[in-house]
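Let me begin by presenting the structure, written as structure tokens, before commenting on it.
The values are calculated or read from the model by the stated rules, or taken from the named source; none is laboratory data. All of these numbers come straight from a predicted model, not from anything done at the bench. Quick reminder, even Gly has a Cβ in these numbers, built from the backbone with ideal geometry, and neighbours come from all protein chains shown. Surface areas here come from the heavy atoms of the whole protein model, side chains and all, with no ligands, DNA or RNA. Shrake-Rupley method; radii C 1.70, N 1.55, O 1.52, S 1.80 Å.
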Amino acid sequence: MRVLCGTDIIEISRIKESIERSGQTFLNILFTPDEIEYCESKRNAKYYHYAGRFAAKEAIFKAVSSLLENKFDISWHNAQVINDENGNPKIEFLDIKFDQIKNIDISISHCREYAVATVVATVEE
């Protein structure tokens, strides 16, 4: 077994500015329809959640990059962050499979200025 880890931090203001500048185009490039629906449901706090999801995807890419032949083998829409029945974030891979991943966990947090995410995966070698 091997442990893989990825972490990312992003300024919430950068995500907010990108959404305000590019709107739906920006959202559609980075997020799945389910992620957009979730973040939009947060109304005034939506930018915190978009930033958290963005940091999560970056952390996912960092964690799984060593499992890819080419870093471009995974796209923004191949990793979706959804919430389980208890409201905890979890990772769902779409149209990509990682048979060697035995377990993967994610943690997302945000404060007034930043969103951060950490991903830890155990893989079979």
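The figures follow:
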{"item": "Hz values of 3J(HN,Hα) by residue in region 95-102 - Karplus curve (6.51, -1.76, 1.60), Gly and Pro given as x", "result": "6, 8, 10, 10, 4, 6, 6, 9"}
{"item": "Neighbour net charge for residue 38 - beta-carbon separation under 10 angstrom, K R +1, D E -1", "result": "-1"}
{"item": "Farthest positive-ward along region 75-125 dipole, Cα basis, beta-carbon charges - from 96, 122, 76", "result": "76"}
{"item": "Relative contact order [Cα under 8 Å, 6+ residues apart], the chain, whole percent", "result": "39 percent"}
{"item": "Answer label for Cα extents along the principal axes in Å (calculated), chosen among [x] 44, 28, 25; [y] 45, 34, 23; [z] 40, 34, 20", "result": "[x]"}
{"item": "Percent accessible area from carbon and sulfur atoms, the chain, protein chains only, probe 1.4 Å", "result": "45 percent"}
{"item": "Calculated [θ] (222 nm, deg cm²/dmol) that DSSP helices of n ≥ 4 give over the chain, each run adding -39,500 (n - 2.57)", "result": "-12000 deg cm²/dmol"}
{"item": "For the chain, accessible area per residue (1.4 Å probe, heavy atoms of protein chains only), Å²", "result": "59 Å²"}
{"item": "Simple Cβ-charge dipole of the chain, Lys/Arg +1 and Asp/Glu -1, about Cα centre, in debye nearest 20", "result": "400 debye"}
{"item": "Neighbour net charge for residue 23 - beta-carbon separation under 14 angstrom, K R +1, D E -1", "result": "0"}
{"item": "Cross-link table 62/97; 71/102; 42/90; 42/97; 46/97, entries beyond 27 Å C-alpha to C-alpha", "result": "42/97; 46/97"}
{"item": "Percentage, to the nearest whole number, of Cα pairs in region 1-58 over 16 Å apart", "result": "42 percent"}
